[in-house]
Structure formats: structure tokens, C-alpha cells
Amino acid sequence: MISLKSLAIKGAVWNISGGVLQTIIRLAASMVLARVLNPFDFGIMGIGMMIISFLNLISNAGIGAGIVAKRNYNQTDLSTAFWFMLIFRVFLFFITYIFAPFLAAFFNEPRLTDVLRVMSFAFLISVISTVPYSLLSKNLRFFSLNIIQILSVALESFIAILLAVKFHFHYWSLVIAMLISCLFSQIALFIITGWRPTFEFSLDSFHYYKKIYH
């Protein structure tokens, strides 16, 4: 029987290897994209990602940690986490969509409004994998997580290059590629775990996640 220590070591190796491979793929894609996109394209995408990533980090920290930390959990606990995250991320979607013009004005870039509104759909897409990702992490299935992340990065890079080189979509190449990559990874995680939410919601579970979140 494989010990917990062995699983942890293998997980660390996979995380390091996966991270290195993802960096290589992104670097290679950036070298190609740098020849067809201008600094503005990367800049507007960078601002959008900064805002979306910050909000996404806030929305997921407590729930993911709560699932991993909870020793004895059941379907009701997991479904509660799913519905809680669904409500919260729908809220973030509307907040980002509504306040996009104000954020664009703050950065003095009107085109950022549409970019943020399109990128905000990532909040809705990411709901799919909230619980599956935490379950894979809890069960130390880092091989599966890294394979999905590597394929996701490769897909994003391929689509971005295709749209930029072939169709001249400029910064929209990066935005569209990000969303498609996000959708792919969420669906892959959902399929691999085999977990499905049920129409259950427990106030006890909700208070537990709420406590972890704060």
C-alpha cells in the first residue's frame, strides 16, 4: 500500500514538472505571439487578467480549503459548496459586468469595458470545477490535475496563435483563447471526478464554509 508520504512526494514532483512544462509552453507561445501582437494587446489582456484573477482568488479560497480540510464529508456537503459557489460567482459576474465601464475609466482605456465583460464569463464557467478540483487535491491526484492544466495551457496557446496569426484578432485572440481553455479544463475536471451536484443545501455545511471563508 502506498504511504501518504510517497503520495505527497509524487504530488510535489508532478506539480514541479507540470509547472515547468506549462512555463515552457507559455514561453514558446509568447515568442510567437510577440511577433504578431503589439504591447497594447498584451497590456489590455494583462489588466483584465489581473482584475479577474483577483476576484476569482477571493471567491474560491474558503470553499476549496473547506472541502480539503473537512475529514468526513458527504454529498450534501459537496452540493452545498457547489450551490454556494454558484450564487457567489453569479454575483461576481454581474458585479464585473456592471462595473466594467468604471474600471475602464479608471485605467483610461474604453476598450477594457468589453474585454472585462467577456472575461467575466469565466466566473460562470469556473463554477463547474469548484468541487471536482478540491476533491482531486484532497485525494492527492496531482497527476490528473497537472495533465489537465498542461493540456489547457497547450490549447490556450494554440488557439491564441491561430486567432492572432490567421484571423488577426489582436487582443481578442488572448481573451477568446483564455475562455476556451477555461471551459476545457472545467469540463475535464468535472468528467474525471465523476461527481455531480444534487439539489441539496445544508445550513450547517454553509456555516462551516462561511467560517472557513472568513
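The values are calculated or read from the model by the stated rules, or taken from the named source; none is laboratory data. What you see is a predicted model; the values in this text were computed from it and never measured. For neighbour counting, all protein chains shown are included, and Cβ atoms are generated from backbone atoms with ideal geometry for every residue, glycine included. Quick note on the areas: whole protein, heavy atoms, side chains included, nothing else; ligands and nucleic acids left out. Shrake-Rupley method; radii C 1.70, N 1.55, O 1.52, S 1.80 Å.
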Next item on the list: Within region 84-99, count every residue that is of a type in the set (Phe, Trp, Tyr) and buried (at least 18 other Cβ atoms within 10 Å of the Cβ).
Entry: 3
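Looking at 100, 69, which is the one that is out of contact with any Leu (no Cβ under 8 Å at 6 or more places or on another chain) and of a type outside the set (Ser, Thr, Tyr)?
69
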Item checked: The one condition in (1) assigned to a helix (DSSP H, G or I); (2) of a type outside the set (D, E, K, R); (3) more than 16 Å from residue 176 (Cα to Cα) that residue 72 fails to fulfil -> (1)
Note to self: Among the numbered criteria (1) open to solvent by 60 Å² or more (accessible area, probe 1.4 Å); (2) modelled with pLDDT of 95 or more, which one does residue 118 miss?
What the structure shows: (1)
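Residues are listed down the side, and each one gets a yes or a no for (1) closer than 30 Å to residue 200 by Cβ; (2) more than 23 Å from the chain's Cα centre (by Cα); (3) without any contact (Cβ under 8 Å) to a residue 60 or more places away in the chain:
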{"site": "27", "(1), (2), (3)": "no, no, yes"}
{"site": "30", "(1), (2), (3)": "no, no, yes"}
{"site": "41", "(1), (2), (3)": "no, no, no"}
{"site": "44", "(1), (2), (3)": "no, no, no"}
{"site": "74", "(1), (2), (3)": "yes, yes, yes"}
{"site": "101", "(1), (2), (3)": "no, yes, yes"}
{"site": "107", "(1), (2), (3)": "no, yes, no"}
Check: Within region 154-171, restricting attention to residues that are among the aromatic types (Phe, Trp, Tyr) and open to solvent by 70 Å² or more (accessible area, probe 1.4 Å), which residue is farthest from residue 125 (Cα to Cα)?
Finding: 167
Next item on the list: Check whether at least one residue in region 78-91 is more than 18 Å from residue 172 (Cα to Cα), charged (D, E, K, R) and within 15 Å of the chain's Cα centre (by Cα), and report yes or no.
Entry: yes
Item checked: Index of the failed condition, residue 151 passing every other in (1) in a helix (DSSP H, G or I); (2) open to solvent by 20 Å² or more (accessible area, probe 1.4 Å); (3) without any contact (Cβ under 8 Å) to a residue 60 or more places away in the chain; (4) within 18 Å of residue 114 (Cβ to Cβ) -> (4)
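Would you say residue 185 is buried (at least 20 other Cβ atoms within 10 Å of the Cβ) and not charged (D, E, K, R)? Walk me through it before giving the result.
Numbers: buried (at least 20 other Cβ atoms within 10 Å of the Cβ): yes; not charged (D, E, K, R): yes.
Taking the combined requirement at face value, the residue satisfies it.
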Notebook entry, point to check: Going by the structure shown, is residue 95 free of Cβ contacts under 8 Å to residues at least 60 places away in the same chain, under 24 Å from residue 29 (Cα atoms) and β-branched (Val, Ile, Thr)?
Noted result: no
Margin query: Among the residues of region 63-79, what is the count of those that are among the polar types (S, T, N, Q), open to solvent by less than 40 Å² (accessible area, probe 1.4 Å) and at pLDDT below 90?
Written below: 0
Margin query: I'd like to check something: does region 49-62 contain any residue that is farther than 23 Å from residue 113 by Cβ and open to solvent by 10 Å² or more (accessible area, probe 1.4 Å)?
Written below: yes
